[in-house]
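Asks: Sending over a structure as structure tokens; questions will come in a sec.
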Amino acid sequence: MVWFYAIYLFVTTRHGVSGRELQRQLGVTYKCAYRIGMQIRKLIANVDEFVALKGHVETDEHFQGGRMPRTEGKPRDNKTIIVGLKERDGIVRAEVAPDTTTKTLRRIVLETSSPAPRPTSTTAIAY
């Protein structure tokens with residue numbers, strides 16, 4: 001959870017995130033916050049270009065935010081929705097979503113992954 005929130009902070013801020021800011025936001029020691037920040041910066045620097053996820057892609061959503069008192073509405077109102085997509089034994093992606101409707105989640109999956117190859121007429125299917 002800490003890593004997802006740290007990545008979220010990097011994505012949503014315009015000028016980057018300092019180690020001290022990560023320490024305050026994540027509630028960890030400065031040494032840990034500095035290491036998390038450097039790992040995220042290193043991974044961002046290594047990204048060459050967008051590559052679509054292939055094969056089996058697993059997805060799940062997460063509601064990020066602090067504890068809220070139980071009031072009218074769902075307890076997850078006013079929280080940020082993060083959708084994670086993972087290629088089996090491969091790449092992991094995370095995106096912020098406006099809602100968790102099927103239409104929105106389908107759009108995110110289709111934008112980040114390539115369609116599965118269709119069997120050709122020469123493919124033998126055993127029954």
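Asks: Straight-line reach only, C-alpha to C-alpha below 16 angstrom: list the lysines that K54 could link to, leaving out same-chain residues fewer than 8 apart.
Replies: Partners found: K86.
Asks: Taking a cut-off of 22 Å between Cα atoms, list the lysines near K79, but don't count ones fewer than 8 places away on the same chain.
Replies: Within the straight-line cut-off, K79 pairs with K103.
Asks: Which order do R41, R88 take when ranked by solvent-accessible area (1.4 Å probe, heavy atoms of all protein chains), largest first?
Replies: Sorted descending by solvent-accessible area, the residues read R88, R41.
The values are calculated or read from the model by the stated rules, or taken from the named source; none is laboratory data. Treat the numbers as computed from the prediction; the structure is a model and nothing was measured. The area values use the complete protein model at the heavy-atom level, side chains included, leaving out ligands, DNA and RNA. Shrake-Rupley method; radii C 1.70, N 1.55, O 1.52, S 1.80 Å.
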